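Have a look at the structure below before the remarks.
Where a number appears in this text, it was derived from the coordinates with a stated rule and is not lab data. Keep in mind that what you see is a predicted model, and the values were worked out from it rather than measured.
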Amino acid sequence: MSTEVLEKFGGYVRVRVCGIAVEDDRILLIRHKALFEDGPFWAPPGGSLEFGESIPQALVREFNEETQLQVRVGELLYVNEFIRSPLHTLEVFFRVFIESGQLQLGHDPEFQQQIMEEAAWLSWEELQALPDAQVHSVFRKYTQLSDLLRPGGYGLQ
């Protein structure tokens, strides 16, 4: 794990907003450089909630920063808690709908050295074929895409 990640997110509880965008049975994901030693890591676009910012505002901002897309925030899907020392993150997942823009890998203004490597649409089958350690755990809790899009639930990772 990079020193920059540890300095920014280690040692406190971080609130992260995440968007699940689905088009043509594909899920929009960001591939990050290895956060641990497990290789690249695929996760939905999202990021930290800033003080004074509503969750929908944060999600719209984060989506645009990471994908150059404008989104409309839909319903709350679930909450996931990630605890892997020194990181502890409370993640709030919403359904999002693409309103405009062309998909391009953006940037993460929180990091000088970018950890995002690719923005891509993956099918459920492509996602399930990846090693568990390289995919956000939320995708392992469901057996099919339609289940992922049903609201409700809490997960601990």
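Over all directions, average the projected area of the Cα convex hull of region 48-97 and note it in nm². Write out the running numbers ahead of the final one.
On the way: hull surface 15.9 nm².
Averaging across all directions leaves 4.0 nm² for the Cα convex hull.
For region 58-157, just run the numbers: alpha carbon Rg, then divide by 2.2 N^0.38 Å, N being how many residues it has.
This ratio for region 58-157 stands at 1.13.
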